[in-house]
1. Looking at the range 45-108, what helices (runs of 4 or more DSSP H) fall wholly within it and have at least 1 residues that are under 26 Å from the mean Cα position of the chain (by Cα), at negative phi and loosely packed, with under 12 Cβ neighbours inside 10 Å?
2. Take TRP74 and tell me if it is hydrophobic (A, V, I, L, M, F, W, C) and touching a residue at least 24 places away in the same chain (Cβ under 8 Å).
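Each reported figure results from applying straightforward, stated rules to the coordinates on display, with no laboratory input. Keep in mind it's a predicted model, so treat the numbers as computed, not measured. Please note: Cβ atoms are built from the backbone with ideal geometry, for glycine as well, and neighbour counts cover all protein chains shown.
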Amino acid sequence: MLDDIRSDDGLNLDGQKRERRRDHQRPLADREVPLAPNETEPRVLSPAVHAWLDGELPEAAVRKGETQRDVEFWKQLMEAAEQRRHLRTPPQLEQRIMAALPHTVPQVITPWWRREFVITPSTALGVVGALVALVAALTALAMVLARN
């Protein structure tokens, strides 16, 4: 099945019909692949495997029948996790990271008069109140000076 997602109906940008290569068909890029083709419902770990993972049962009690695959999977997973716990970062990497950090305080690139100016409603009310008080004080001063 060819899944051609293009909406140009086989036309080039100039409107001319183009030849499609028929030597191979592209497979679908995104398909759902069932994890368990034989089973209609998902697999659930048995309570015995859960008990073994919690440390309540010995491995020998769980390693039989259907649970043997689950035990092998979880053992390999735990071994891989244990190996990853013991990994250490090479000392050169830490030195390279520290050397790459800037040793000075970064400078502001944009001048203050070109930066974004954000004012909140409470700040706007405070500025208006201060302006009204300043104008009232200047008016009172002018009135006092005018009487003298």
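1. By residue number, 67-85, 91-100.
2. yes
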